[in-house]
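Data first, discussion second: the structure below is written as structure tokens.
What follows draws every value from the coordinates through simple rules; no lab data is involved. What you see is a predicted model; the values in this text were computed from it and never measured. Every residue, glycine among them, receives a Cβ derived from its backbone with ideal geometry; neighbour counts consider all protein chains shown.
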Amino acid sequence: MAYTKLTIMLSSLILLQLASISSASAAEENAHNKTVIPRATEVVVEGMVYCQSCKYFGTWSLAEAKPIGAAKVSVVCKNYKNRVTYYKTFQTTEGGYFYAELKGFEMSHPILDHPLHACGIKLVSSPLEGCNLLSNINYGMYGAPLRYEDKRLSGKEYEAVVYAAGPLAFRPSYCPPEGTRA
């Protein structure tokens, strides 16, 4: 009697395993037969560029700062061997906003070359003659780190992960002494 129950139990286990193997192989076969159009996942960085107010010169404050249109920033990405793998400049809109699509950016190592670790945004130039000196607000001189803010853009055959950087700022080339400021 015990032998019969053991035989039935082992047979049931074997049948369950065979059933799961055949259903897994059928699902795998269906997955291979479907034509899937891969979606390109792009990396995008956005941010703002300002002219810092003379009132807050020497600080990281952007109170009373004004956006700079046509300012240039660069995106620099380095791999885990500290070699530049991506470099491109982008220009801000009239309102000081930049939207940098990193077309062609590739990660050779999925963790070490991830944009959060590998890329930074640097100030390049300002079109304003009176506000064209680099400042290191949010590390704009050496590479502002990217922030992940759980923002994505999706289309039929397009998906972009959007990171943020900055805000960054140039500083005025001349600030009158404190007693004479308006």
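Each Lys or Arg adds one and each Asp or Glu takes one away; over the other residues whose Cβ falls under 13 Å from the Cβ of ALA144, this sums to +1.
Report the net charge of residues surrounding GLU94, where surrounding means a beta-carbon distance below 15 angstrom and charges are Lys +1, Arg +1, Asp -1, Glu -1. Write out the running numbers ahead of the final one.
Values: positive: LYS66, LYS72; negative: none.
Summing Lys and Arg as +1 and Asp and Glu as -1 gives +2.
Net charge in the neighbourhood of LYS103 (other residues with Cβ under 9 Å of its Cβ; Lys, Arg +1, Asp, Glu -1) is -1.
What's the tally of Lys pairs in the range 58-154 whose alpha-carbon atoms lie under 28 angstrom apart, where the two lysines are 8 or more places apart or on different chains? Qualifying lysine pairs in the range 58-154: 20. Close amide-amide hydrogen proximity is noted between TYR163 and VAL44, VAL45, GLU46, each under 5 Å apart and 5 or more residues distant or on a separate chain (H modeled in the peptide plane; Pro and chain starts excluded).
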